[in-house]
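Colleague: The following block contains the structure, expressed as structure tokens.
The values are calculated or read from the model by the stated rules, or taken from the named source; none is laboratory data. The shown structure was predicted, so the numbers you read here are calculated from the model rather than taken from an experiment. Heads up, the Cβs are rebuilt from the backbone with ideal geometry, glycines too, and the neighbour counts pull from every protein chain shown.
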Amino acid sequence: MIFQKLSKKQKQVFKWCYQPDSYALICDGSVRSGKTAAMSCSFVHWAMKCFHKQNFAFCGNTVQATERNILMTIQQMTDITYYYKLKYIGSKHILTISGGGHENYFYIFGGKDESSYKLVQGITLAGVLFDEVALQPESFVNQAIARTLSIGNAKLWFNCNPDSPEHWFYKQWIQKADNNKSNILHIHFDMQDNPMMTPEKIDRTKMLYSGVFYDRYIKGLWVLAEGIVYAEFSKEKHVIENYIPENSDEYYISIDYGTKNPTSMGLWCLKQNGHAIRIRESYYDSRKKGHSRTDEEHYAELEWLAGDLADKIRYIVVDPSAASFIECIYRHRKFRVYKADNSVLDGIRDTATLLHLGYLQFDKSCKDIIREFGLYRWDDKTQGDKVIKENDHAMDDMRYFVRTVMWRTLKQIRRGEKI
Ligand SMILES: Nc1ncnc2c1ncn2[C@@H]1O[C@H](COP(=O)(O)OP(=O)(O)O)[C@@H](O)[C@H]1O
Ligand SMILES: [Mg+2]
């Protein structure tokens, strides 16, 4: 990439580190607001101007994410490659940058990767850039910071999208930075601060989020997740009476499995245009019925649900913790079965996006999922984003379907392509 021009806030990012007494920079705010691009470029320039034969770190959520978000950005930046020579050793995750008589070493770490924990303990760092710091464990971030303490003019660079106001990073860093006496500069970005974002691009990005995710990722606010989880659901928009089958339709079943808790199964029709309809469901509450089903009994229910569509079911996605039931489906050799992706918050965010854009619909016979939509709530009494674990069974099977099956729809929506 080439920086077209820098916005006022991006210029500040390039200058802050040369001010006396500056210690840390925090850029938070909306997605795609130009935080990572401006910070990674100015970080490299600062390191190369001020140091020689020193170690630095780029920290992200995982090593892979950091390679994609930071390393690739830097390697493609003419504003860097014009001045410096870059050499990356992938097996060691070290980028060597040389130029202007200086050479420095930039380690890539992932806050969630076990190996990064061990490696970061052993080195001394003259500067650390934390990309998406709100996704990294506090203990990892503190360890990396501890490695900079022996170097007098070391500096810290943080960026993130907002999360809950109970989040450790908000409490430990942002609130302290906003206290006048601190030597930490806090810059709040929104999409207008990225010169690349045209009004059309801003509108398209806005469409991708709703509810608490809109407040955080678009408005850039640190707000609690509270109230109904899927406030975008409405019977008028999402419940249909007659779904029309077409030859190109694909069918899937998603299952949330419980022994004491209810077991919920949804049969979905995925249209070629990326839209999905839950056409049938089964919901078995053993407490209400006074009898727990065995895996074989659940399996019989699954066959009943598939019914006349059994031959057309592409695969079944099941709660990954339901090992015995997955084995049971597998042994019958009738359906392909996969463990579902169970990342709760990512799943809720993606499901909210699809509901908001009208990509998910429900046949009116699916009474239990329609009921749960009205009851499924955020738990505002605990720290961090948690849902109340009640009335969440059809909600969970829908989330498994979305994360495991609808990834192509989501990818195309994010790229702005019409399906
Ligand atoms: N000044 C600029 N000129 C050209 N492209 C830019 C500029 N600032 C940011 N970009 C581009 O905009 C996109 C989003 O920026 P990024 O830094 O990744 O946003 P954020 O980290 O805030 O989500 C990236 O593709 C980036 O290269
Ligand atoms: Mg970023």
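Colleague: Given (1) assigned by TED's automatic domain parsing to the domain that holds residue 186; (2) outside any helix (DSSP H, G or I); (3) touching a helix residue (DSSP H, G or I) at 6+ places or on another chain (Cβ under 9 Å); (4) not aliphatic (A, V, I, L, M), where does residue 3 come up short, assuming only one miss?
Modeller: (1)
Colleague: Can you tell me which condition residue 79 does not meet? The list is (1) more than 30 Å from residue 178 (Cα to Cα); (2) within 16 Å of ligand 1 (Cβ to nearest atom); (3) among the charged types (D, E, K, R); (4) modelled with pLDDT of 95 or more, and all the others hold.
Modeller: If we test residue 79 against (1) more than 30 Å from residue 178 (Cα to Cα); (2) within 16 Å of ligand 1 (Cβ to nearest atom); (3) among the charged types (D, E, K, R); (4) modelled with pLDDT of 95 or more, just (4) comes out false.
Colleague: Inspect all residues belonging to segment 201-216 and state whether any of them is without any contact (Cβ under 8 Å) to a residue 40 or more places away in the chain, within 30 Å of residue 1 (Cα to Cα), of a type in the set (A, V, I, L, M, F, W, C) and not assigned by TED's automatic domain parsing to the domain that holds residue 334.
Modeller: Yes.
Colleague: Hey, another quick one. Could you list, in sequence order, the residues of segment 213-233 that are out of contact with any helix residue (DSSP H, G or I) (no Cβ under 7 Å at 6 or more places or on another chain) and over 16 Å from residue 395 (Cβ atoms)?
Modeller: 214, 215, 216, 217, 219, 220, 224, 226 - these are the residues of segment 213-233 that are out of contact with any helix residue (DSSP H, G or I) (no Cβ under 7 Å at 6 or more places or on another chain) and over 16 Å from residue 395 (Cβ atoms).
Colleague: Report those helices (runs of 4 or more DSSP H) wholly inside segment 276-355 carrying at least 1 residues which are within 29 Å of the chain's Cα centre (by Cα).
Modeller: 323-332
Colleague: Another one. May I ask you to verify whether residue 248 is of a type in the set (Gly, Ala, Ser), in the same structural domain as residue 401 (by TED's automatic domain parsing) and surrounded by 12 or more Cβ atoms within 10 Å (Cβ to Cβ)?
Modeller: Taking the combined requirement at face value, the residue does not satisfy it.
Colleague: Among residues belonging to segment 229-248 that are outside any loop (DSSP other than H, G, I, E, B) and of a type in the set (A, V, I, L, M, F, W, C), point out the one that is nearest to residue 377 (Cα to Cα).
Modeller: 239
Colleague: Got at least one residue in segment 12-21 being buried (at least 19 other Cβ atoms within 10 Å of the Cβ), within 12 Å of ligand 1 (Cβ to nearest atom) and on the phi < 0 side of the Ramachandran plot?
Modeller: Yes, there is a match, as at least one residue in segment 12-21 is buried (at least 19 other Cβ atoms within 10 Å of the Cβ), within 12 Å of ligand 1 (Cβ to nearest atom) and on the phi < 0 side of the Ramachandran plot.
Colleague: Let me ask something else about it. Out of segment 164-181, which residues are without any contact (Cβ under 8 Å) to a residue 24 or more places away in the chain and either more than 30 Å from residue 381 (Cβ to Cβ) or among the β-branched types (Val, Ile, Thr) (or both)?
Modeller: Hits for segment 164-181 are 180, 181.
Colleague: If you go through segment 109-124 one residue at a time, how many are assigned to a helix (DSSP H, G or I) and of a type in the set (A, V, I, L, M)?
Modeller: So the count comes out to 2.
Colleague: Among the residues of segment 193-207, write down those that are closer than 18 Å to residue 14 by Cβ and polar (S, T, N, Q).
Modeller: 194
Colleague: What residue, of 103, 114, is surrounded by fewer than 21 Cβ atoms within 10 Å (Cβ to Cβ), among the acidic types (Asp, Glu) and within 25 Å of residue 139 (Cβ to Cβ)?
Modeller: Within the list 103, 114, the selection yields 114.
Colleague: If you take the residues of segment 157-190 that are over 17 Å from residue 132 (Cβ atoms) and among the small types (Gly, Ala, Ser), which of them is nearest to the chain's Cα centre (by Cα)?
Modeller: My answer is 177.
Colleague: Another question about this same structure. Tell me whether segment 252-262 contains one or more residues that are in the same structural domain as residue 377 (by TED's automatic domain parsing), within 26 Å of the chain's Cα centre (by Cα), assigned to a loop (DSSP other than H, G, I, E, B) and surrounded by fewer than 15 Cβ atoms within 10 Å (Cβ to Cβ).
Modeller: If we filter segment 252-262 for residues that are in the same structural domain as residue 377 (by TED's automatic domain parsing), which is where we start, we get 252-262.
Narrowing further to those that are within 26 Å of the chain's Cα centre (by Cα): 252-257.
If we keep only those that are assigned to a loop (DSSP other than H, G, I, E, B) too, we end up with 257.
Restricting the remaining residues to those that are surrounded by fewer than 15 Cβ atoms within 10 Å (Cβ to Cβ) gives none.
No, the conditions are met nowhere in segment 252-262.
Colleague: A further question follows. Which condition breaks for residue 28 when tested against (1) under 21 Å from residue 415 (Cβ atoms); (2) within 13 Å of ligand 1 (Cβ to nearest atom); (3) of a type in the set (D, E, K, R)?
Modeller: Looking at each condition in turn, residue 28 falls short on (1).
Colleague: Write out, first by first residue and then by second, each pair whose Cβ atoms fall under 6 Å of each other, whose residues are 6+ apart or on separate chains, and whose first residue, in segment 151-163, is in contact (Cβ under 8 Å) with a residue 24 or more places away in the chain and of a type in the set (Asp, Glu) while the second is outside any loop (DSSP other than H, G, I, E, B) and within 16 Å of ligand 1 (Cβ to nearest atom).
Modeller: 163/134
Colleague: Looking at segment 390-401, I want the residues that are free of Cβ contacts under 8 Å to residues at least 24 places away in the same chain and have a partner that is outside any helix (DSSP H, G or I) and of a type in the set (Gly, Ala, Ser) with Cβ atoms under 9 Å, at least 6 apart or on another chain. Which pairs are those?
Modeller: Within 9 Å, the pairs are 391/374.
Colleague: Give the residues of segment 148-185 that are in contact with a strand residue (DSSP E or B) (Cβ under 8 Å, 6 or more places away or on another chain) and under 15 Å from residue 57 (Cα atoms), sorted by residue number. Steps first, answer last, please.
Modeller: Narrowing segment 148-185 to residues in contact with a strand residue (DSSP E or B) (Cβ under 8 Å, 6 or more places away or on another chain): 148, 154-162, 169, 173-174, 176-178, 183-185.
The answer is 148, 154, 155, 156, 157, 158, 159.
Colleague: Moving to a separate point now. Looking only at segment 85-95, count every residue that is assigned to a strand (DSSP E or B) and either surrounded by 14 or more Cβ atoms within 10 Å (Cβ to Cβ) or within 16 Å of ligand 1 (Cβ to nearest atom) (or both) and tell me the total.
Modeller: Residues that pass the stated criteria total 4.
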